[in-house]
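These notes concern the structure reproduced below.
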There are 2 protein chains.
Amino acid sequence: MIGPTAYFDPTTTDGLDAPLRGLVERRARALGSAYRLFYAEPVQFVRGEGSHLFDADGTDYLDVYNNVPSVGHAHPRVAEAIARQVATLTTHTRYLDAALIDYAEDLLGTFPAHLDNVMFTCTGSEANDLALRIAKTATGATGVIVTANAYHGVTTETAAISPSLGGPGSLADWVRFVPAPRPGVDFAAAVRASIAELEGSGIRPAALIVDTIFASDGVLPDAPGLADAVAAVHAAGGLFLADEVQPGFGRLGTGLWGFDRHQLAPDLVTLGKPMGNGYPVAAVVARSGLVDAFGRHARYFNTFGGSNVAIAAAQATLDVVRDEGLVEHAREIGDYLLERLRALQAERGSIRDVRGSGLFIGVELDTEEQALAAVNGLKLRRILLGETGKDNTVLKIRPPLVFDRSDADRLMEGLAEVVE
Amino acid sequence: MIGPTAYFDPTTTDGLDAPLRGLVERRARALGSAYRLFYAEPVQFVRGEGSHLFDADGTDYLDVYNNVPSVGHAHPRVAEAIARQVATLTTHTRYLDAALIDYAEDLLGTFPAHLDNVMFTCTGSEANDLALRIAKTATGATGVIVTANAYHGVTTETAAISPSLGGPGSLADWVRFVPAPRPGVDFAAAVRASIAELEGSGIRPAALIVDTIFASDGVLPDAPGLADAVAAVHAAGGLFLADEVQPGFGRLGTGLWGFDRHQLAPDLVTLGKPMGNGYPVAAVVARSGLVDAFGRHARYFNTFGGSNVAIAAAQATLDVVRDEGLVEHAREIGDYLLERLRALQAERGSIRDVRGSGLFIGVELDTEEQALAAVNGLKLRRILLGETGKDNTVLKIRPPLVFDRSDADRLMEGLAEVVE
């Protein structure tokens, strides 16, 4: 999540030229005050291709921000699969659909064997919300443990476990927050203490849920103590939910799923953002025993979830990830970037840390002001990038997976100019 | 919602031919036990057009069930709008997008002036969930009043106000249920009693939420006492949320929105299913004051909500509704159906009631068995239709809005054969 300071300030329309000002003001009137726009001078794009976005003048921006168009903006294979299906049939999962079954089997084949059921939703929020419903029903417990600056969604239930959103709901009595795992933090001890604290309040733990790259906590690839924490949750009768909405589908360069990097066996996994390269499709992958426990209490139907078009988009996206070797590509370009970023770190005092895996990299600066200056400085150089972490001090490098070596060089050139 | 008895029974695969049985068994293994399939012998469609669906043999089924492909299955204008946009650009609401602003203004222009903000989600569940977050934040209250067999969504929060789903969550202490408004029910008195009961438990009412056609309560177009109930909720400091996910976008034949039929001024309106003719797009429409109150506590972002493609689909769908005169068409065909159904009622003792508006009509039979026999009998005649209501006794006529007079005649011919 980009820091609040890098958003457009709606009280500053005076500084914009007339056409842009008109659009921004019309937008604020119609959409209201809960929405935000990126950048002091908002941008409008009209076309995307690969890891590049283009404005109305044809100016090329390098996209180092968007993880949703994971196989590249407007990828022709995905676009054609959607176009073909939408002109043919869009129905739902109450009719049989062989393509849905083929995709479900293909997707499940990429997971450990114990994860043998998949359920389709439209968004990562819906997936995490459903996973929590399943976890709470299957365990009969209600307690949920999340990291201190987690983001898991915008439904009422998932907003309550997303302290990075701020706002009401974060103080639900069934939620406990632990510091995200990084060197110097005893993550397992913090989780054990939360379990004890929950139990002391008469609340049994239903689940520990973590984004396996800890994106909103500042991009933390090493996660020391995570395996011990999962063992503690299991011992207390709770489940481990791996949120792969951001790290999943190959971004980390080490396989399709982030939990694999930590040799973990989650009970539930949630998928989203890049799953259909921008088409709204998401999923919960789970042990069938958990789905059975849920199914005894409630049947499940999601109007658009798993529609013929959603499946066409998801299948094409997964095919492209494999056919274009994007997992290996993410590792190769990610390693190259890490090497160059560490070389830059050796030169620049303000870079406190460089860390990441594949094409999910965090560059931690000393202060939020430095990060904000870098984000805005890069935007002037037509490079789109956000910041993350509790204090908004971490530059977040998270481009489409087709980001190539020349893109990496352009990014490094920009960073060298804007980082003190 | 079709009654549980009209679903496929997964313990009866023995009766299916080998290829169908293979598909059904693979599906059950991969998707698990919370999903349901329609019909004793499930169907697979490969193509849709207008109000017709086609199986692999090219056999034509008349669709009297699906309200999502509202302007017709695979409508070429919507399909082309999606195809064009998905091949060009799919991004999100943190960049400026003139088409999003144009659509937002166009959509808001169809509402009373006091409803001046729109926020985009992907599903009706997300829209109702967000509307409840806004209502609870703006009022500082938590109580919600819904009808006894309501359906408002599948997130944790919306499932808790959806007794028609059954299952855990329906017993949340902030929810109160009232009988749906129909002749013989004093709806306003029931709502006033619920408000008093909530207040007696120390809970202030945040909202009364109703589907303005009461679809899952059995299709109740007249809603006697609804206006008085809304006044009572307002007097108690609560809001009125009109759920237009099913009745909205012209289905009732009397304008675009169901609440108009009752001369009501909702505080919040939710939209979904037909909004993008199958593309996952949904929305909350609200007074800006409520959005401001929410925005002071939380900012809002939905990854896929209001994307360029979602907006292209929604704009094309709204354009088709107007350009093809589908509101008037729904009224004309609906009136014709109501007349023929009432003639059939005069002949058949099992038809207890015929009621509806436009292309949302309920035919209430004496027993669930009769309704089930009718649904399955129609399916043998290649006519797709569901049942609804607390006791599953109401045949639900809810086709794509392009349903024409010859479709209506075919439906009536089938009904005459299957209704006792």
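Each copy carries a label point for residue B:173 at 7 Å from Cα along the beta-carbon vector; from one copy to the others these points are 0.6 nm apart, nearest first. Computed over the alpha-carbon atoms, segment A:351-399 gives an Rg to Rh ratio of 0.95, Rh here being the Kirkwood radius from the mean inverse distance.
In the protein assembly as shown, what % of DSSP beta bridges are antiparallel (nearest 5)? DSSP beta bridges in the protein assembly as shown are roughly 60 percent antiparallel. Measuring nothing but how far apart in sequence close Cα pairs (under 8 Å, 6+ apart) lie, relative to its length, chain A scores a relative contact order of 22 percent.
Here the average projected area of the convex hull drawn through the C-alpha atoms of chain A stands at 20.5 nm². Inter-chain Cβ neighbour count for A:78-85, averaged per residue, equals 5 (cutoff 10 Å, partner chain atoms only). Altogether, the Stokes-Einstein calculation at 10 °C and 1.306 mPa s, with the Kirkwood radius of segment A:221-274 over Cα pairs as Rh, returns a diffusion coefficient of 136 µm²/s. Along the charge dipole of the protein assembly as shown, which of B:155, A:120, B:333 sits closest to the positive end, that is, farthest toward it, with unit charges on the beta carbon of Lys, Arg, Asp and Glu (+1, +1, -1, -1)? Value computed over the given set: B:155. Dimensions of segment B:165-286 from C-alpha coordinates, computed as largest minus smallest value along each principal axis and given longest first, are 44, 31, 27 Å. Among B:65, B:336, a tally of other beta-carbon atoms within 10 Å of each Cβ gives an order, fewest to most, of B:336, B:65.
In this entry, segment A:1-65 is assigned a mean projected area of 5.1 nm², taken as a quarter of its C-alpha convex hull surface.
Each part reduced to its alpha carbon centroid, segment B:73-120 and segment B:391-420 end up 33 Å apart.
Average projection, convex hull of the Cα set of segment B:262-302: 4.0 square nanometres. Working value for segment A:54-186: equivalent-ellipsoid semi-axes of 32, 25, 16 Å, each the square root of 5 times a Cα gyration tensor eigenvalue, largest first. Counting lysine pairs in the protein assembly as shown that sit 8 or more residues apart in sequence, or on different chains, and whose Cα atoms lie under 28 Å apart gives 16. Its Cα centre serving as origin, chain B has a Cβ charge dipole (Lys and Arg +1, Asp and Glu -1) of approximately 920 debye.
When both bridge partners sit in segment B:198-297, DSSP labels roughly 30% of those beta bridges antiparallel. Multiplying the residue separation of residue A:98 and residue A:185 by 0.36 nm and subtracting their alpha-carbon distance yields 26.5 nm. Multiplying the residue separation of residue B:57 and residue B:376 by 0.36 nm and subtracting their alpha-carbon distance yields 112.8 nm. Across all Cα pairs in the protein assembly as shown, the calculated P(r) in 10 Å bins from zero up to the longest distance comes to 3, 13, 24, 27, 20, 10, 3, 1, 0, 0 percent per bin.
Taking the Cα centre of the protein assembly as shown as reference, the dipole from Cβ charges on Lys and Arg (+1) and Asp and Glu (-1) amounts to some 780 debye. Ordering B:366, B:97, B:353, A:14 by the number of other Cβ atoms within 10 Å of each residue's own Cβ, fewest first, gives A:14, B:366, B:353, B:97. Along the axis of the charge dipole computed for segment A:303-420 (Cβ charges of +1 for Lys and Arg, -1 for Asp and Glu, origin at the Cα centre), the listed residues A:412, A:360, A:384 are led at the positive end by A:384.
Once R0 is set to 45 Å, what does the formula 1/(1 + (r/R0)^6) return for the Cβ-Cβ distance between residue A:14 and residue A:332, expressed as a FRET efficiency to the nearest 0.05? My answer for the efficiency is 0.45.
Neighbours of residue A:332, meaning other residues whose beta-carbon lies under 15 angstrom from its beta-carbon, give a summed charge of -3 when Lys and Arg score +1 and Asp and Glu score -1. Counting from the shortest, the label point at residue A:106, 7 Å from Cα toward Cβ, is 3.3 nm from the same position in each remaining copy. Here r is the Cβ-Cβ distance between residue A:80 and residue B:201 and R0 is 56 Å; the resulting FRET efficiency, rounded to 0.05, is 0.50.
Calculated on the alpha-carbon coordinates, the convex hull of segment B:76-323 measures out at 121 cubic angstrom per residue. So for segment A:76-323, taking the charge dipole from beta-carbon charges (+1 Lys/Arg, -1 Asp/Glu), which of A:255, A:134, A:180 sits furthest toward the positive end? Value: A:134. For segment B:40-87, the Kirkwood estimate of the hydrodynamic radius, built from every pair of different alpha carbons, is 11.9 Å. Distances from residue A:13 to itself in the other copies, using label points 7 Å out along the Cα-Cβ axis, amount to 6.0 nm in increasing order. Spatial offset of segment B:1-68 relative to segment A:305-374 amounts to 42 Å, using the alpha carbon center of each.
Spin-label pair residue B:105-residue B:416: with each label point 7 Å from Cα along the Cα-Cβ axis, the two points sit 5.2 nm from one another.
Sorted largest first, the spans of the alpha carbon positions of segment A:294-420 along the three principal axes are 58, 34, 26 Å.
Along segment A:132-145 the Karplus relation, 6.51 cos²θ - 1.76 cosθ + 1.60 evaluated at θ = phi - 60°, assigns HN-Hα couplings of 5, 4, 5, 4, 5, 5, 5, 8, x, 10, 10, x, 10, 10 Hz to successive residues, with x for each Gly and Pro.
Values quoted throughout were computed directly from the atomic coordinates according to the rules given, and no laboratory measurement underlies them. The model shown is predicted, which means the values in this text are computed figures rather than measured ones. Cβ coordinates were reconstructed from backbone atoms using ideal geometry, including for glycine residues, and neighbour counts include every protein chain displayed.
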